[in-house]
1. Can you find, within the stretch 85-135, the residue that is nearest to PRO34 (Cα to Cα) among those that are among the acidic types (Asp, Glu) and without any contact (Cβ under 8 Å) to a residue 24 or more places away in the chain?
2. For the stretch 119-153, give me each residue that is surrounded by 20 or more Cβ atoms within 10 Å (Cβ to Cβ), closer than 20 Å to LEU25 by Cα and touching a helix residue (DSSP H, G or I) at 6+ places or on another chain (Cβ under 9 Å).
3. Only one residue in LEU141, LEU128 is farther than 22 Å from GLU166 by Cβ, aliphatic (A, V, I, L, M) and in a helix (DSSP H, G or I), so which one is that?
4. Just checking, does the stretch 92-102 include any residue being modelled with pLDDT under 95 and part of a loop (DSSP other than H, G, I, E, B)?
5. Suppose the filter is crowded, with 22+ Cβ neighbours inside 10 Å, among the hydrophobic types (A, V, I, L, M, F, W, C) and in contact with a Gly (Cβ under 7 Å, 6 or more places away or on another chain); does PHE98 pass it?
6. Applying the selection to the stretch 69-81, what residues are of a type in the set (S, T, N, Q) and either farther than 25 Å from GLN47 by Cβ or touching a residue at least 60 places away in the same chain (Cβ under 8 Å) (or both)?
7. Could you please find all residues in the stretch 37-68 being assigned to a strand (DSSP E or B), among the hydroxyl-bearing types (Ser, Thr, Tyr) and either in contact (Cβ under 8 Å) with a residue 60 or more places away in the chain or at positive phi (or both)?
Amino acid sequence: MRLLNRLRGRGSGGSSDPKPIYIALRGMLLGTDPASLGLTPSPGGRQVWAVVMDTAFPEGVASLAVVADGTTSLYTSTGGGTIGAGTHEAVAAASQAFLDRVDRAFELLVPASSFPLPSTGRVRFCVLTFEGGRTAEADELDLGEGRHPLSGVFLAGHDVITELREMDESDASGR
């Protein structure tokens with residue numbers, strides 16, 4: 001995706017300061033009460049109601065945000081992004097599969113009350129559950145090459161990013 005390509009592999013090795021709108025968008029979701037979105041736990045249902053997958057590149061951070069209400073967005077700390085893409089059928093299906101995958105990995109996540117941004121080359125999963133926040137962080141290469149227990153979660157997140165890219169390309173070509 002063009003947004004991610006702008007962040008990957010460029011710069012001097014340090015992340016630039018995040019734009020205020022990025023901090024506000026990320027913080028808004030991470031501080032949301034699920035009940036305010038009409039989300040409530042159901043017996044035997046998914047524990048996870050939202051996930052933010054932050055990936056840090058030399059020039060900034062890309063954040064994939066997926067919420068059980070159908071909201072799916074991808075935005076960057078340097079500005080720009082795609083917000084509200086969950087209305088597209090393929091994006092919605094990949095997003096729900098991502099949430100399911102995170103839910104199945106619940107025991108690999110540790111309780112968290114804050115979600116700092118990861119350092120360059122790292123990925124942080126910020127997971128919102130009906131019982132509180134959970135998190136995990138790992139090297140992007142280990143996740144992408146299947147060397148980490150959360151590799152399946154990471155790849156499911158990238159399935160969402162792929163659908164977002166295909167949606168962008170389709171919209172750009174007028175299809």
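The values are calculated or read from the model by the stated rules, or taken from the named source; none is laboratory data. What you are looking at is a predicted structure, and each value in this text was computed from that prediction instead of being measured. Quick reminder, even Gly has a Cβ in these numbers, built from the backbone with ideal geometry, and neighbours come from all protein chains shown.
1. Across the stretch 85-135, the extreme among qualifying residues is GLU107.
2. VAL123, PHE125, CYS126, VAL127, LEU128, THR129, ARG134
3. Among LEU141, LEU128, only LEU141 is farther than 22 Å from GLU166 by Cβ, aliphatic (A, V, I, L, M) and in a helix (DSSP H, G or I).
4. no
5. Working: crowded, with 22+ Cβ neighbours inside 10 Å: yes; among the hydrophobic types (A, V, I, L, M, F, W, C): yes; in contact with a Gly (Cβ under 7 Å, 6 or more places away or on another chain): yes.
Yes; evaluated as a whole, the condition is true for this residue.
6. Keep residues of the stretch 69-81 that are of a type in the set (S, T, N, Q), which gives 71-73, 76-78.
Scanning the stretch 69-81 gives THR72, THR76, SER77, THR78.
7. Step one: filter the stretch 37-68 for residues assigned to a strand (DSSP E or B), giving 48-57, 60-67.
Now drop any that are not among the hydroxyl-bearing types (Ser, Thr, Tyr), which leaves 55, 63.
Passing the criteria: only THR55.
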